[in-house]
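Since every read-out is calculated from the coordinates, none of them should be taken as a lab result. Keep in mind the model is a prediction, meaning the values are calculated, not measured. Ideal geometry is used to build each Cβ from the backbone, glycine not excepted, and the neighbour counts take in all protein chains shown.
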Amino acid sequence: MSLPSLPWQVGPGESADLAVSVNYTVGDLYQYAAGYRDGADAIYASMIALEAPPDLLVYPLAYCLRHATELALKLVTRGGNSLNDGAERFSDGHHLGRLWDECHLVLTQIWPSDSDTYHQIKTTIDSWIAIDPDGEAFRYPVSVERKKTGRTATIPSTLRHIDVRAMYGDVMRTLDLLFGADTGIDVQMDARAEAHADAQYYADEMRAENAEQYDDY
């Protein structure tokens, strides 16, 4: 799809003080998940340094943390399904409970007994479900869809204060576990591909030797 002339776009042969690369890998969930995680990290650092009012930065911080969690679940699910049955797939939608159920099922087929890891992840997911199950609470102050009774508040009325350090720490630990699982899946995929390549190599060698033996007769 061609774009109209954009003042933000850096064209071929052009330069800019802060030009970044986008859209160079199609469907790269890791790139997006890591980007939102690192974005949350930068926002948290700004909050600690009081570079902007924490009561304002909590919204982009929480959104980045939650969205990084959602993308990481989809990333691990896609990789795990590819390892388990060769099909790169993950579910649509933003509900973290359903995404975690699917991811958990995939992970237990790879690492059946890692209960402590799964408990940590589920605890974080349950916290998100309680305050922001569908990813709207920290993007919009009221519901996007107008209901018969009008728009409703997205953050539960009983939630008045958030321990940012606790939220940040819990979610980052969970993201570390999910990214670690993704790395573990990649390692297993690489090992499987290497084993397949070795088996193919030796099979080809055996066929070549057999062919030489028949040629001798």
Between segment 33-52 and segment 154-185, how far is it from one alpha carbon centroid to the other, in angstrom? 13 Å
Dipole size in debye (nearest 20) for segment 29-212 around its Cα centre, Lys and Arg Cβ +1, Asp and Glu Cβ -1? 1360 debye
Sorted by chain and then number, the residues having a modelled amide H within less than 5 Å of the amide H of residue 142, at least 5 places away or on another chain, are 154
Going residue by residue through segment 176-182, the Karplus relation 6.51 cos²θ - 1.76 cosθ + 1.60 with θ = phi - 60° gives ³J(HN,Hα) values, rounded to whole Hz and with x marking Gly or Pro, of 4, 5, 5, 5, x, 5, 4
Could you tell me the convex hull volume per residue, in Å³, taken over the Cα atoms of segment 29-212? 142 Å³
Trypsin sites (Lys or Arg not before Pro) within segment 66-119: which are DSSP loop residues with at most 15 other Cβ atoms inside 10 Å? 89
Gyration tensor verdict on segment 82-175 (Cα atoms; rounded if a/c is under 1.5, prolate if a/b is larger than b/c, oblate otherwise): oblate
What does the convex hull of the Cα atoms of segment 8-70 come to per residue, in Å³, rounded to a whole number? 108 Å³
